[in-house]
Amino acid sequence: MGEIRLFWLLFVWVLGIERGVSGLACNWGLQSTHPLPPNIVVKLLKDNGFDKVKLFEADPGALKALGKSGIQVMVGIPNDMLASLAGSAGNAEAWVQQNVSNYVSKYGTDIRVVAIGNEPFLHSYKDMFTQTTLPALQNIQAALAKAGLGKKVKTTVPLNADVYQTDSGLPSGGDFRPDVRDLMLKIIKFIQDNGGILTINIYPFLSLQADPNFPKEFAFFDNKANPVVDGPIVYTNVYDANFDTLISALEKNGFGQMPVVIGEVGWPTDCDPNANIDNARRFNQGLLDRIIRGQGTPKRRAPPDVYIFSLIDEDNKSVEPGNFERHWGIFNYDGSIKYPLDLGKGKALAPAKGVKYLARQWCVLSPSAGVSDPNALAQSISQACQYADCTSIGPGSSCSNLDPQRNASYAFNKYYQTMDQRKDACSFNNLSTVTTVDPSQPPCRFEIMIDIGKHELSLSNKVPAAGFGSLLLVSLMLVLGLANGVH
């Protein structure tokens, strides 16, 4: 009998190695003017082996589509809701009923975690959410228990890595930031007491982007960087070093066994010198290889759940942190593949299926356009980019090398597509025309938007976050060569 049991255990172990990890996890962002239909996204997730997904908000379409899908869900509560939930247990109960109980019972959605806020203690937020995060967490936890979901659905607070630091410059010196240390310990204890998890977001790209002296190779996983030696531990990448700085902080404060997941980690593909296809593929393939191997860090050998950021590009995200914010997806906006990735055992990424597009036509600068007033053209481009995503024609981006005519065409087309190819959306002071000839010039794609059919988008969802058009105007004046006119 013992021999049979040993054989069975070995069989399971070998089978686990053969199949690789049980599944992958990712973030599904919804800040798009023309979002992929949720059922197509769920199929995309399943086709690519994702069995866990994190939503930043309780989107009804996404939560319904995830019902009975076999995918475990972490659903988020935006920061702007924390005050309401902190101030009223009734509000928290109503939120849980509407956004958790409803989908669990009616649709069979496998909600496992509720994420309270998103990086609420960022330095840039100052003290905006320090008074509301813990009370909101407590009220949501109580509401889950009252709804009979306290054992199945856990709570967490997704945190940016800036909540901890190291005075020694080494992971072993990790501790929580002094201004939030007491609050962090209260939150961690509450989460631990209720069987929850700690969620941390780690971004090697942002480390590289923020510091011109950051050693580039230390951002990647292929052991080409000069190592950082911390006592008996040698670190060859910032991902491990960052995570273990958190583990040191937890150990130092009596929470050495606290479960931790990585809520966001990834690499963008555009709008920064380091944001490109090659770097994104290099980083994300290295990350996937670790996940597939079941590799942890020097201080935590057991691998954490890792939610890749992000599944799909989002053309309606705020660009306040940087224009690259709209380009984190491992898939393009329509679920097409940006670059190849090996998901283990030679399995390649699979694109979204069943996507329907608007008509195969583009709005471009008319070949016969007479530009007697260069400033009028610049203003037309700026107006287009105020309401559409023109980040890819910003300096240093994938479409920044277009000639002046194609530069204008790109902006016009982005607006035209964002406005569902309305006839009046390609009339820029008689400077534009509709064509059926694809004006794309690799690597710059002139996209055709997803046909969202009769789905009515509110103006707030329809119009991307404002601000890029006005910021772009000065650079457009230079790019277009308007000082000397357009030829």
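The values are calculated or read from the model by the stated rules, or taken from the named source; none is laboratory data. This is a predicted model, so every value here is computed, not measured. Reconstructed Cβ throughout: ideal geometry from the backbone, glycine too, with neighbour counts over all protein chains shown. Each accessible area value is taken on the protein alone, full model and side chains, heavy atoms only, with ligands, DNA and RNA left out. Shrake-Rupley method; radii C 1.70, N 1.55, O 1.52, S 1.80 Å.
If the condition is being open to solvent by less than 40 Å² (accessible area, probe 1.4 Å) and within 28 Å of T236 (Cα to Cα), then the stretch 150-174 contributes P158, L159, N160, A161, D162, V163, Y164, P171, G173, G174. Within the stretch 402-418, being in contact with a strand residue (DSSP E or B) (Cβ under 8 Å, 6 or more places away or on another chain) and surrounded by fewer than 24 Cβ atoms within 10 Å (Cβ to Cβ) holds for L402, Q405, R406.
Out of all the residues in the stretch 312-330, is one or more open to solvent by 40 Å² or more (accessible area, probe 1.4 Å), assigned to a helix (DSSP H, G or I) and out of contact with any strand residue (DSSP E or B) (no Cβ under 9 Å at 6 or more places or on another chain)?
no
Is it fair to say L343 is open to solvent by less than 60 Å² (accessible area, probe 1.4 Å), touching a residue at least 40 places away in the same chain (Cβ under 8 Å) and farther than 25 Å from M74 by Cα? Criteria not met by L343.
For the stretch 310-337, taking the residues that are closer than 12 Å to T269 by Cα and of a type in the set (A, V, I, L, M, F, W, C), the one that is nearest to the chain's Cα centre (by Cα) is identified as W328.
Candidates are the residues of the stretch 274-308 that are charged (D, E, K, R), within 21 Å of the chain's Cα centre (by Cα) and within 18 Å of D342 (Cβ to Cβ); the one that is least open to solvent (accessible area, probe 1.4 Å) is R290. Put simply, of Q131, Q141 the only residue that is buried (at least 16 other Cβ atoms within 10 Å of the Cβ), farther than 20 Å from G61 by Cβ and not basic (K, R) is Q141. Screening the candidates D80, D59 for the property of being touching a Leu at 6+ places or on another chain (Cβ under 7 Å) and among the charged types (D, E, K, R) yields one hit, D59.
Checking each residue in the stretch 419-450 for being among the small types (G, A, S), surrounded by fewer than 18 Cβ atoms within 10 Å (Cβ to Cβ) and over 15 Å from S392 (Cα atoms) picks out only S427. The residues of the stretch 381-396 that are among the polar types (S, T, N, Q) and farther than 17 Å from P439 by Cβ, listed by number, are S382, Q383, Q386, T391. Scanning the stretch 115-150 for residues that are among the charged types (D, E, K, R), in contact (Cβ under 8 Å) with a residue 40 or more places away in the chain and part of a loop (DSSP other than H, G, I, E, B) turns up just one, E119.
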